[in-house]
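What follows is one structure encoded as structure tokens, with my remarks underneath.
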Amino acid sequence: MKITNETKIGALTSVAIVLLILGFNFLKGKDLFSHSKKIYAVFKNVDGLELSNSVSIKGLNVGSVYAIKATDPNIDGILVTISMKQDVNIPKNSAAVIKSALISSSNIVINKGDATEMLQDGDTLQTVDQGSILSEVQGRLAPVMKSLNKTLSSLDSLILQITTMFNPEVKNNFAAIISNLAKSSVSLQIMLNDRTSALAHTMIHLDSFTNNLASNNQRITGTLDNLEKTTNKLANAQIDETLASAQNAMNSLRDALNKVNSPNGTLGLLINDKKLYLNLESTTRSLNILLDDLRMHPKRYVNISVFGSKDKKGPLMAPLNDSSANSNPPTKK
């Protein structure tokens, strides 16, 4: 049987189309000759994610993106089909996140959970939405740009002020200020060079004072050491105990004064009882009368004269003054 050229061309074209389809699917990461496990993940945003992008766990490439399609006409979610190249155990509470890059395309990273039950073919992964690197960089650059704008505004204001300072009037003021500064420096130099000026004397006295301090450095150190020792002794002294003893002494003295002022004690009676005072005064008066009578009439009490007679005068009824006693001495009979 003879095959025509048209048949050969048609068969070759069919084979070429099949090879093209197979190659295209192979480049997209689809293996048409072997069935691999498929798992799914629903994201709100798949910015930068393309078909055949890698899917990794702990940095190991375990699969690729097989298909991307919307879950509904409103695109409330985007369903991503993941084709697993390796047979790995993925816990059911694992989560998938899209990692974006500035230069390369995005990829899916699966963070493994700790569940004991594993995902099976056709199960759906949990997902975590994460902003892209560009949006994160923009968020971090926003406050920097705001601060930069403020700095530029301040710099602009400073430049305007500097430009206004260099008008002719301000230039003349600057020239006058510089001239005054030059005159002041010359005057100061003259005062420093003049040994008779007050400033020169002040500098000399200051130099002498610093020299005295330097020469008496050891004495000052010794004084400070003695002061430190004194403060240490004061700190170690039993001041609290001394004050407590003084307080106890004051309390004892107060108790003694209270007892003296109290009419119940002997001293209190002597000080506060008027009747006792009057009795003491009466006793003292009687004793004075007795002593004066004994002095004026000694023979009445002691009779040692052989020839004398007994003094028969009556006793004294009141004490005598010293002048009366001296003017009327007793007479011998």
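The values are calculated or read from the model by the stated rules, or taken from the named source; none is laboratory data. This one's a predicted model, so the numbers in the text were calculated from it and none came from an experiment. For neighbour counting, all protein chains shown are included, and Cβ atoms are generated from backbone atoms with ideal geometry for every residue, glycine included.
Key figures
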quantity: Segment 39-86: number of residues that are small (Gly, Ala, Ser), loosely packed, with under 14 Cβ neighbours inside 10 Å and outside any loop (DSSP other than H, G, I, E, B); calculated: 1
quantity: Any hit, segment 16-23, residues being surrounded by 11 or more Cβ atoms within 10 Å (Cβ to Cβ) and either assigned to a strand (DSSP E or B) or at pLDDT 90 or above (or both); calculated: no
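Okay, residues lined up against (1) of a type in the set (S, T, N, Q); (2) assigned by TED's automatic domain parsing to the domain that holds SER52; (3) more than 30 Å from GLY63 (Cβ to Cβ); (4) at pLDDT 85 or above:
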{"site": "GLN120", "(1), (2), (3), (4)": "yes, yes, no, yes"}
{"site": "SER157", "(1), (2), (3), (4)": "yes, no, yes, no"}
{"site": "GLN189", "(1), (2), (3), (4)": "yes, no, yes, no"}
{"site": "LEU192", "(1), (2), (3), (4)": "no, no, yes, no"}
{"site": "THR196", "(1), (2), (3), (4)": "yes, no, yes, no"}
